[in-house]
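Notes follow once the structure below has been shown.
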Amino acid sequence: MLRTPSAVRDAERYTAHNYHPLPVVVSSAEGAWLTDVDGRRYLDCLAGYSALNFGHRHPALIRAAHEQLDRLTLTSRAFIHDQFADFCRELAALCGKDLVLPMNTGAEAVETGIKVARKWGYQVKKVAPGQANIIVADGNFHGRTTTIVSFSTDDDARADFGPYTPGFTVVPYGDLAALEAAIDENTVAVLLEPIQGEQGVVLPPEGYLPGVRRACTDRNVLFIADEIQSGLGRTGRTFACDHEGVVPDMYLLGKALGGGIVPVSAVAADADVLGVLRPGQHGSTFGGNPLACAVGTEVVRLLATGEFQRRSAELGERLRAGLEGLLGSGLVAVRVRGLWAGVDIDPALMTGRQACERLMDRGVLAKDTHGSTIRLAPPLVITSDEIDHAVAQLAAVLAG
Ligand SMILES: Cc1ncc(COP(=O)(O)O)c(C=O)c1O
């Protein structure tokens, strides 16, 4: 008897319905492949929303986690542990920044960035008390806290969670003139995703990110790049900002930083920015814990080799070629950067959800975003044959 139906039923019976997962119950995984409780195998084309950039159970990451589990798992930041300095130093070097501040989830990194930007605004820029403002883009996705959903433009994410946190101005994504016009003396930061993942892997027009960088520099405003989903190799470079030679004042990192093993996030910035925080003003019991740091350090070392960025860039071209070959045969638009693709299916054919269900039946797991858009973000260890396989399955789904 198949175990999947009862496992799906139980999962629905005992949890809040804040997700609508595909009816697959995974029990093990390796590299780019998942196996469910009934022994069926699936090619993972979501990679935990890019938290699994290095694939499932990468041997170096698993080794680092095991070794750390056998020695020390938690101290809190009340004490210093022996994994902390290496992680912070190596991550800061990868980012080209002076300092990092480790947290756990992506949303916490965003919250940290907001707090740091506000404090910097009052203490360094000398914004009038209580007036600090941050410019964000419509279509953004930065997480699920009450402050973050306050500036979401997605009704599902925001409605009925008010009262909302003030201090944010929303401008159209990709519109530099609108962003420049929104900056005033109270603007402390611009917070953007260099590519909007949840929105469907939406790339801003060329020149937008350098323009934002220039505007921020000219007007003494911090540029905060949320690279939680776009960063750490996903787009073929270490950061999505690298494609246009842009260096933000603050990187927000998460997801892949934990190697798909533990939640690890971080803010990276120079000392004139992160240095505004004093003891007691921000923190987290688990932030920067020994297990997180041991795994995170190994993640940084994997990225420092450049191998994953290279794979992502090269294999991304194969993914692009395959997907573009389906334009006019069920796909109406394709956006690709590295191993990250937003794919718009002809809405007359099927919804994104239906496409993902049919892909699942063919042994490929992906996730819809909005309407008829699906996102492909396989682990960066995927092979070219496996990419061809995923594209072939999508072609078969579109052909009905
Ligand atoms: C760009 C971006 N920022 C922030 C987050 C929030 O991360 P977390 O779910 O770890 O809180 C996400 C999650 O999808 C994201 O894509």
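Worth pointing out:
- Check on Gly258, assigned by TED's automatic domain parsing to the domain that holds Gly106, within 13 Å of the ligand (Cβ to nearest atom) and out of contact with any Lys or Arg (no Cβ under 8 Å at 6 or more places or on another chain): yes
- Residue check for Asp160: acidic (Asp, Glu), assigned by TED's automatic domain parsing to the domain that holds Val221, away from the ligand (no atom under 15 Å from the Cβ) and under 15 Å from Val136 (Cβ atoms): no
- The conditions of being assigned to a helix (DSSP H, G or I), assigned by TED's automatic domain parsing to the domain that holds Val26, of a type in the set (D, E, K, R) and in contact (Cβ under 8 Å) with a residue 24 or more places away in the chain are met by Asp388.
- Among the candidates Ala117, Ala128, the residue that is farther than 30 Å from Val299 by Cα, of a type in the set (Gly, Ala, Ser) and in the same structural domain as Thr297 (by TED's automatic domain parsing) is uniquely Ala128.
- The lone criterion from (1) in contact with a strand residue (DSSP E or B) (Cβ under 8 Å, 6 or more places away or on another chain); (2) within 18 Å of Ala256 (Cα to Cα); (3) more than 16 Å from the ligand (Cβ to nearest atom) left unmet by Leu101 is number (3).
- Of all residues in the range 208-226, those that are touching a Leu at 6+ places or on another chain (Cβ under 6 Å) and buried (at least 24 other Cβ atoms within 10 Å of the Cβ) total 2.
Results for (1) assigned to a helix (DSSP H, G or I); (2) at positive phi, shown as yes or no for each residue.
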position	(1), (2)
His282	no, no
Thr285	no, no
Gly288	no, yes
Glu314	yes, no
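- Options Gly174, Gly167, Gly130, Gly96; residue that is touching a strand residue (DSSP E or B) at 6+ places or on another chain (Cβ under 7 Å), more than 25 Å from Gly48 (Cβ to Cβ) and more than 14 Å from the ligand (Cβ to nearest atom): Gly167
- Note on the range 193-235: among residues that are without any contact (Cβ under 8 Å) to a residue 24 or more places away in the chain and among the charged types (D, E, K, R), the one that is farthest from Leu339 (Cα to Cα) is Asp218.
- Filtered by the rule that a residue be more than 16 Å from the ligand (Cβ to nearest atom) and within 14 Å of the chain's Cα centre (by Cα), the range 215-235 gives no residues.
- All positions within the range 366-380 that are crowded, with 24+ Cβ neighbours inside 10 Å and of a type in the set (Lys, Arg): Arg375
- Output for the range 1-21, where each listed residue is surrounded by 11 or more Cβ atoms within 10 Å (Cβ to Cβ), in a loop (DSSP other than H, G, I, E, B) and either at pLDDT below 95 or touching a strand residue (DSSP E or B) at 6+ places or on another chain (Cβ under 9 Å) (or both): Arg3
- Candidates Ser265, Ser284: the one that is surrounded by fewer than 22 Cβ atoms within 10 Å (Cβ to Cβ), hydroxyl-bearing (Ser, Thr, Tyr) and within 14 Å of the ligand (Cβ to nearest atom) is Ser284.
- Here Gly330 clears all of (1) in contact with a helix residue (DSSP H, G or I) (Cβ under 7 Å, 6 or more places away or on another chain); (2) small (Gly, Ala, Ser); (3) within 16 Å of the ligand (Cβ to nearest atom) except the condition numbered (3).
- One residue from Leu176, Leu191 being under 22 Å from Phe239 (Cβ atoms) and crowded, with 23+ Cβ neighbours inside 10 Å: Leu191
The values are calculated or read from the model by the stated rules, or taken from the named source; none is laboratory data. These numbers come from a predicted model, not from an experiment. With ideal geometry, Cβ positions are generated from the backbone for all residues, glycine too; neighbour counts draw on all protein chains shown.
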